[in-house]
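*Asks:* Sharing a structure with you now.
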Amino acid sequence: MSHDLASLYAQHITTLRQRADKALALGGFDHLLIAASTPLRKFLDDQDYAFVASPHFRHWLPLTDTPGSWVVYTPGSRPKLIFVQPRDYWHVVPAAPSGYWVEHFDITIVRTNAEAVALLPKGHRAVIAPECPSINGVEANNPEAVVNYLHWHRSYKTPYELALMREASRIGTRAHHAAEQAFRAGESEFGIQMAYLAAARQTEAELPYANIVCLNEHGAVLHYTHFDRMPPKESRSFLIDAGGSKAGYASDITRTYAGKGHDAFQALIDSMERAQQGFAAKVKAGQSYPELHIHAHHVIADVLREHGVIRMSAESAVQSGVTSAFFPHGLGHPIGLQVHDVAGFQANESGGFIPRPEGHPYLRMTRVLEPGMVVTIEPGLYFIDMLLEEWRGKPVASDIDWNKVDAFRPYGGIRIEDDVVCTDGEPENLTRDAFAALS
């Protein structure tokens, strides 16, 4: 793997240098300075929040825990890494740089953030860094022309990036398997979370996002991150949305399971599984992502009809907005260095914004799919009291079987999510491939 990564990384860094050359020329800059950043300090405290390195920094390097360090790139020169390795006996000090990537950088090791800043080149420079926390001696300007160009091209993953994302998927699916076993064994949400972390061999801070672990009606809370410590009397259903990280790259995976004997809910999951696989198969070059999202609403309307939840036609269910009560979020989003990756709405490499379809405010991508893009496909079907109550007094309420709604309410909801690569041909489903490799 490391030998393969070495050759893939060599191609990757060449691609990044070419992109940086163009981005800097667009903005009229001499240097690109990318801060790893530093952790945020908790208010009125002497502790920091967990450190997360800038995605721009991680794009260049497989380093996730090097606060204060910098990547410096000047066109025509090798990229430089200014690596902060403090003298410190309170914390673990980052190990000196090593591995498949070091030969591509001129590396300077310093002891303090201030020493790192002092080594940054002067002149007309594009500084990509967060405004908070601020960096003494450096002003983050994040020039729009440079950032827009880099974000646009980050949509197209290099073979090196896809290799890391495959590994992130393997980590996530391994942990999902352990979580399902914990559910079957009657564990609490907290117990399932512990099983997940152990199987992933990652801490909560290392995971790409906070895990969503829902038993029963908690599945109706889209971002449920509470973790009940005691198991329920009966585990009717289990929804888990959780990923894994590899060198700063994310996987984002959701699965839903029915408890033993809950056949009607299992049948509903099976229908959603077939629908989700149909959507994933459409991740092909030229496919409009918003049109795929609208298509998903029509298919989910058919699922609701098939299971007797609604009696109206799929067309009227979508047009009236009824499907949005059951499927209130977007079909998915770009994924890569960030779980919700950049440029999902960007019109072109100069910027711009492609609006969402009317009535779909939570869709996180409006672009046309192209080879190299990686997106999630995560349709959902939920029984959310707040959203469904809005329809009870409307004329269309007579076309909703409220007894069916009440029967499904104790299960919360269903979401099934894969990470899918758009290629020149058939899509590559990172998630399904990783699950298949487990068995």
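The values are calculated or read from the model by the stated rules, or taken from the named source; none is laboratory data. Quick caveat, the model's predicted, so the values are computed rather than measured. So basically every Cβ, Gly included, is an ideal-geometry build from the backbone, and we count neighbours across all protein chains shown. When the accessible area is computed, the model is the full protein with side chains, heavy atoms only, and any ligands, DNA or RNA have been set aside. Shrake-Rupley method; radii C 1.70, N 1.55, O 1.52, S 1.80 Å.
*Asks:* In a shell of Cβ-Cβ distance under 11 Å around Gly248, excluding Gly248 itself, what net charge do Lys and Arg (+1) and Asp and Glu (-1) give?
*Replies:* After counting each charged neighbour, the total is -1.
*Asks:* Something else now. Using 7 Å Cα-to-Cβ label points, what is the Ala50/Ile109 separation (nm, one decimal)?
*Replies:* Calculated label separation equals 2.8 nm.
*Asks:* Using only the alpha carbons of region 1-130, what is the convex hull's orientation-averaged projected area in square nanometres?
*Replies:* Computed as one quarter of the Cα hull surface, the answer is 8.9 nm².
*Asks:* Please list 3J(HN,Hα) in residue order for region 355-366, calculated via the Karplus relation 6.51 cos²θ - 1.76 cosθ + 1.60 where θ = phi - 60°; whole Hz, with x for glycine and proline.
*Replies:* Going residue by residue, I get x, 6, x, 4, x, 10, x, 9, 5, 9, 7, 10 Hz, with x marking Gly and Pro.
*Asks:* Just to be sure I follow the definition: excluding the sites themselves, where is the longest run in the chain that has none of the chymotrypsin sites (Phe, Trp or Tyr not before Pro) in a DSSP loop with at most 14 other Cβ atoms within 10 Å?
*Replies:* 91-352
*Asks:* Here's something else I'd like to know. Taking Rh as the Kirkwood radius computed over C-alpha pairs, what is the Stokes-Einstein D of region 1-78 at 37 °C in a medium of viscosity 0.692 mPa s, expressed in µm² per second?
*Replies:* Diffusion coefficient, whole number: 229 µm²/s.
*Asks:* Same structure again: Using label points projected 7 Å from each Cα along Cα→Cβ, tell me how many nm separate Ile354 and Ser439, to one decimal.
*Replies:* 3.5
*Asks:* Students sometimes get this wrong: rank Val71, Val52, Val92 by accessible area, probe 1.4 Å, all chains present, largest first.
*Replies:* The ordering from most to least exposed comes out as Val92, Val52, Val71.
*Asks:* Return the FRET efficiency for the residue pair Ser316, Glu144: r is the Cβ-Cβ distance, R0 is 41 Å, and the value is rounded to the nearest 0.05.
*Replies:* 0.40
*Asks:* Shifting gears a bit: Rounded to a whole number of µm²/s, how large is the Stokes-Einstein D of the chain at 10 °C and 1.306 mPa s, given Rh as the Kirkwood radius over C-alpha pairs?
*Replies:* 68
*Asks:* What is the sum of charges, Lys and Arg at +1 and Asp and Glu at -1, for the other residues whose Cβ falls under 13 Å from the Cβ of His307?
*Replies:* Around His307, the surrounding residues sum to -1.
*Asks:* Compute the Rg/Rh shape ratio of region 302-439: radius of gyration over Kirkwood radius, all on alpha-carbon atoms.
*Replies:* 1.04
*Asks:* So what is the orientation-averaged projected area of region 48-121, using the convex hull of its C-alpha atoms, in nm²?
*Replies:* It is 5.4 nm².
*Asks:* Something else: With θ taken as phi - 60° and the coefficients 6.51, -1.76 and 1.60, list the Karplus ³J(HN,Hα) couplings across region 407-415 in order, rounded to whole Hz; mark glycine and proline as x.
*Replies:* 5, 8, 3, x, 9, x, x, 10, 9
*Asks:* Could you run the Karplus curve 6.51 cos²θ - 1.76 cosθ + 1.60 with θ = phi - 60° over region 151-168 and give me ³J(HN,Hα) per residue in whole Hz, x for Gly and Pro?
*Replies:* 5, 4, 7, 5, 5, 9, 6, 7, x, 4, 5, 5, 4, 5, 5, 4, 5, 4
*Asks:* Excluding residues fewer than 8 places away in the same chain, name every one of the aspartates and glutamates whose C-alpha is closer than 15 Å to that of Lys22.
*Replies:* Within the straight-line cut-off, Lys22 pairs with Asp30, Glu144, Glu349.
*Asks:* Could you calculate the FRET efficiency of Thr423 with Ala267 from 1/(1 + (r/R0)^6), where r is the beta carbon distance between them and R0 is 41 Å, rounded to 0.05?
*Replies:* 0.80
*Asks:* At a Förster radius of 56 Å, what calculated FRET efficiency corresponds to the Cβ-Cβ distance of Cys132 and Arg274, to the nearest 0.05?
*Replies:* About 0.75, to the nearest 0.05.
*Asks:* Take the Cα radius of gyration of region 142-230 and divide it by 2.2 N^0.38 Å, with N its residue count; two decimals is plenty.
*Replies:* Compactness ratio reported: 1.42.
*Asks:* Taking the Cα-to-Cβ direction at Glu204 and at His340 and moving 7 Å from each Cα, how far apart do the two end points lie in nm?
*Replies:* In this crude spin-label approximation the distance works out to 2.1 nm.
*Asks:* Length gain on complete extension for the stretch Lys282 to Phe43, per 0.36 nm per residue less the alpha carbon to alpha carbon distance?
*Replies:* Full extension from Lys282 to Phe43 adds 81.3 nm.
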